[in-house]
1. Among the residues of segment B:240-259, what is the count of those that are surrounded by 15 or more Cβ atoms within 10 Å (Cβ to Cβ) and at pLDDT 95 or above?
2. Taking the residues in segment A:79-91 that are within 10 Å of chain B (Cβ to nearest Cβ) and out of contact with any strand residue (DSSP E or B) (no Cβ under 9 Å at 6 or more places or on another chain) as candidates, determine which candidate is surrounded by the fewest Cβ atoms within 10 Å (Cβ to Cβ).
3. If you go through segment B:290-312 one residue at a time, do you hit one that is within 30 Å of residue A:318 (Cβ to Cβ), surrounded by 17 or more Cβ atoms within 10 Å (Cβ to Cβ) and under 24 Å from the mean Cα position of the chain (by Cα)?
4. For segment A:342-351, which residues satisfy the criterion of being surrounded by fewer than 24 Cβ atoms within 10 Å (Cβ to Cβ) and in a loop (DSSP other than H, G, I, E, B)?
5. Taking helices (runs of 4 or more DSSP H) that do not extend beyond segment B:226-323, which have at least 2 residues that are within 14 Å of chain A (Cβ to nearest Cβ)?
6. Could you please find all residues in segment B:314-324 being over 23 Å from the mean Cα position of the chain (by Cα) and touching a residue at least 12 places away in the same chain (Cβ under 8 Å)?
7. Which residues, taken from segment B:36-49, are part of a loop (DSSP other than H, G, I, E, B) and either free of Cβ contacts under 8 Å to residues at least 60 places away in the same chain or farther than 16 Å from residue B:187 by Cα (or both)?
8. Hey, can you tell me all the residues within segment B:352-380 that are surrounded by fewer than 21 Cβ atoms within 10 Å (Cβ to Cβ) and more than 18 Å from residue B:182 (Cα to Cα)?
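The values are calculated or read from the model by the stated rules, or taken from the named source; none is laboratory data. No experiment lies behind these values; they were computed from the predicted model shown. Please note: Cβ atoms are built from the backbone with ideal geometry, for glycine as well, and neighbour counts cover all protein chains shown.
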């Protein structure tokens with residue numbers, strides 16, 4: 001299909017929903033058509049041909065403004081594409097618009113709503129990205145995760161979210177929050193689509209066309225904080241595990257010990273510390289244009305004592321390595337993506353509690369939508385594995401996807 | 001001293017030398033004066049008060065263009081400061097101008113010359129930064145290192161260069177080359193100045209005011225490729241080691257085995273792979289404006305097979321960790337910063353061979369100027385240590401600085 005036809009059809013779908021969803025920070029028919037014409041003229045053909053792609057509004061784009069969900073950067077027009085965006089275009093992906101992010105990809109929500117029920121949040125920080133893919137507006141969308149900003153919205157919106165291992169994709173042209181946490185990833189409707197997408201951004205053939213390894217070795221991980229989750233979410237995790245076992249997977253139970261909470265705290269300390277440092281300019285020069293919660297959060301981050309930060313870094317290294325070693329015996333760890341269904345929009349974008357530690361450890365995480373909860377909103381499971389075992393995790397996720 | 005007085009004096013010094021050195025990509029009296037007035041009016045007083053700071057031209061600055069040493073970005077005016085620049089200004093450092101970088105901080109040289117002899121290179125990629133600090137134009141300057149872009153120019157220009165552990169300083173607002181290699185650091189005339197400077201950019205009190213630990217345990221590291229260095233450089237390394245021992249340091253000999261060359265190759269593979277990915281936009285959209293050597297280098301990087309990259313990543317992890325463990329027994333490893341004196345400018349910016357592995361490992365590295373070579377140009381030694389032992393390395397470097 002010519003890119004121009006694709007662009008027109010995508011615009012029809014998106015605009016029909018946009019008043020209800022508010023998924024886009026920037027959407028311009030002429031720009032998208034110009035890009036489609038360029039691609040058709042150059043006969044660009046690649047693994048993303050036929051895909052429309054929404055770009056989270058913290059990735060620089062040369063033809064569309066990049067506001068980072070903040071009035072500080074309203075209308076800011078970068079003069080280049082982020083490296084990930086350039087890779088998407090080179091692979092034939094048609095960039096269709098900029099998807100709404102929470103303020104600087106932190107917690108302060110934008111206007112985006114959940115396509116399954118607009119009274120509910122799509123999750124954050126990659127709010128617009130997850131919402132538009134779930135609504136069929138774009139077939140792929142970029143995201144970033146510092147705590148739970150890919151897996152959580154994927155869960156709330158009922159689509160596949162894939163956060164690869166830390167540093168898999170160049171962050172050139174990305175507005176940073178957490179220097180050692182921010183990880184570029186994305187959303188799609190199948191594991192295969194999401195893996196191809198991440199493989200393209202990373203320039204990694206082993207992810208675009210991963211081997212099928214057969215029935216995986218799975219560990220169902222009970223963390224000390226599972227009691228915080230909804231019962232139906234835990235029941236679904238167990239149902240998925242049983243189903244996997246019945247289809248031939250080796251499934252064992254694993255439990256994270258008391259050190260889990262040390263890792264959780266370490267992630268929170270490091271994230272706040274790094275956020276205050278990465279947003280030093282905005283804090284110093286445009287503090288009055290930051291939301292009150294973000295300003296308070298950055299003030300707290302700036303006040304963290306060096307000793308507390310160094311302790312957190314050491315916990316990450318020592319306890320984190322032990323946990324990575326423990327899970328390294330499995331193809332994937334099955335665990336919760338979120339507490340349950342998407343909360344109502346007025347309460348915020350949800351809680352990344354079940355994602356923080358995995359982001360800290362730097363291994364890959366994939367959300368698989370598997371069911372709906374009591375309100376009819378999507379729920380599912382998270383698959384994670386040790387750092388730099390992405391191809392293997394994709395294979396396990398694909399297996400599970402077809403087993404369900 | 002009021003910032004305005006400082007600015008005027010700095011401009012006098014810089015302009016007297018600039019026709020000879022070409023250290024600055026951008027220098028504007030009115031902008032610097034306006035910034036000095038702002039600082040005086042706000043009575044900003046901090047650990048960098050009294051310092052003039054040159055910013056490598058790959059850090060975004062809100063009041064000065066950022067061209068990255070490339071015609072692609074000539075005149076590009078960012079609308080924010082990089083996080084590191086914001087931290088410098090908040091600490092009282094007076095940003096005086098943008099220092100010339102090689103093209104995208106790779107090897108293609110700008111016009112900058114060595115202040116000790118203008119027929120010679122100042123080194124790269126932080127060419128202007130090292131040259132202006134050596135010439136007394138600015139008292140501090142930012143740098144970045146992907147292979148040897150801080151330690152090498154510090155050595156050639158006879159000043160202190162300090163590359164902290166990977167991820168010590170937020171790269172927000174920095175134009176990236178190597179996602180897992182690029183490290184922000186800087187230049188000063190003493191270890192104390194450089195440490196304060198890095199501590200400010202990192203927001204780390206333990207670096208701005210590190211403890212003095214007394215005589216260090218040092219290892220003199222002979223790598224299998226030392227034969228590539230000049231004899232006088234090796235003789236100087238031995239002289240420094242003997243001097244340290246005579247002053248009370250425990251000095252032992254250590255040798256890196258055959259695995260050294262595997263690490264060296266891994267750094268080169270990862271750097272080329274990551275460079276091609278980080279510069280995806282420039283390569284795809286402005287290829288004709290890249291220098292021929294950089295274009296060829298990025299083509300090679302793009303052609304690296306995924307398997308070769310994954311092997312390099314595994315070498316980095318496994319062999320690298322073993323080497324970090326081995327050097328972890330010492331406060332600092334004493335080794336070569338460069339092959340010898342600065343080569344002549346027409347031959348390029350010199351060779352980062354003795355820096356690559358240390359950047360790959362992610363630990364801190366400090367160059368200490370200690371002598372001059374046969375042509376009267378500066379030489380010195382490099383101190384390195386295991387990742388995240390920066391405060392300890394600073395202490396060792398300070399001790400050695402006063403022992404010499």
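1. 7
2. Narrowing segment A:79-91 to residues within 10 Å of chain B (Cβ to nearest Cβ): A:79-90.
Of the ones still in play, those that are also out of contact with any strand residue (DSSP E or B) (no Cβ under 9 Å at 6 or more places or on another chain) are A:79-80, A:86-87, A:90.
Numbers: A:79: 12, A:80: 20, A:86: 27, A:87: 24, A:90: 19.
Looking at residues that are within 10 Å of chain B (Cβ to nearest Cβ) and out of contact with any strand residue (DSSP E or B) (no Cβ under 9 Å at 6 or more places or on another chain), I get A:79.
3. Yes: one or more hits.
4. Passing the criteria: A:343, A:348, A:351.
5. It comes to B:259-278, B:280-285, B:292-303.
6. B:315, B:319, B:322, listed by residue number.
7. Quick first cut of segment B:36-49, residues part of a loop (DSSP other than H, G, I, E, B) only: B:43-49.
Across segment B:36-49, the qualifying residues are B:43, B:44, B:45, B:46, B:49.
8. Result: B:370, B:371, B:372, B:373, B:374, B:375, B:376, B:377.
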